[in-house]
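Asker: Starting off with a structure, shown below.
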Amino acid sequence: MAVVLLLILAALWAALLLPPYLRGRSENRPADSIGDFRNQLRVLERSGPTSVAPANTLRGPEPPQYVPPMPRRASLAGEVVAARRYAAARSMTPDAIRRRAACRRRRDVFLALIALTGLSGLIGFVPGLSAVWYVNLVSGAALATYVLLLVRMRNVAAEREMKLRFLPSQANGGVVEPALVLRRSAN
């Protein structure tokens, strides 16, 4: 019984930790500066000349030797996508970066809740582990609550965007009401 519970816990932890790890591996991001440096060296090696003749040779020019290219880890399309993603991330404002990170966190929590609910539902069918159905009910309720909160947040943001109106500014050639000018000068 204890072994089965440990296996269940290991499966739940794997379901929680494996998706971010696999996503990081699929994006081909180096985890440290040394890996990044090696990646840049590989790019330079592919774009540079394959062989250089020595300057102090007395013989005639030798035919260039074939040097096989380094095998690529990702396709050219993957490298282009990564370069575009890097350029887009560099041009983003700090607020946009925070919003993107928040969206990523929300997606990860959502996927973890789905995985927990699904795994606990499957494990509940194992004979003798009917107590896991309670975990399934709690995780299902947490998933439903989280989805409702996400929908509410989206609706509030859409409503705020519909109702938001900017005051005219003189830089844009807009006419400013005298009452607004008086309020600004009084404060």
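The values are calculated or read from the model by the stated rules, or taken from the named source; none is laboratory data. This is a predicted model, so every value here is computed, not measured. Don't worry about glycine lacking a Cβ; one is built from the backbone with ideal geometry, like all the others, and counts go over all protein chains shown.
Asker: Under 8 Å by Cβ, and 6 or more places apart or on different chains, what pairs join a residue from region 1-23 that is surrounded by 13 or more Cβ atoms within 10 Å (Cβ to Cβ) with one that is assigned to a helix (DSSP H, G or I) and polar (S, T, N, Q)?
Answerer: Short answer, once both residue conditions are applied: Leu12/Ser120.
Asker: Restricting the first residue to region 149-161 and requiring it to be at pLDDT 90 or above, which pairs with a second residue that is surrounded by 10 or more Cβ atoms within 10 Å (Cβ to Cβ) and not polar (S, T, N, Q) meet a Cβ separation below 8 Å and a spacing of at least six or different chains?
Answerer: Listed by first residue and then by second, the contacts come to Leu150/Arg106; Leu150/Phe110.
Asker: Filter region 76-116 for residues that are closer than 30 Å to Thr145 by Cα and of a type in the set (Gly, Ala, Ser) and give the result.
Answerer: Answer for region 76-116, where residues must be closer than 30 Å to Thr145 by Cα and of a type in the set (Gly, Ala, Ser): Ala96, Ala101, Ala102, Ala112, Ala115.
Asker: Being more than 14 Å from the chain's Cα centre (by Cα), surrounded by 13 or more Cβ atoms within 10 Å (Cβ to Cβ), more than 18 Å from Leu7 (Cα to Cα) and not acidic (Asp, Glu) is the requirement here; does Ser139 meet it?
Answerer: Here the answer is yes, as Ser139 does meet what is asked.
Asker: Okay, next question. Being among the β-branched types (Val, Ile, Thr) and at pLDDT 65 or above is the filter here; which residues of region 30-56 pass it?
Answerer: Ile34, Val43, listed by residue number.
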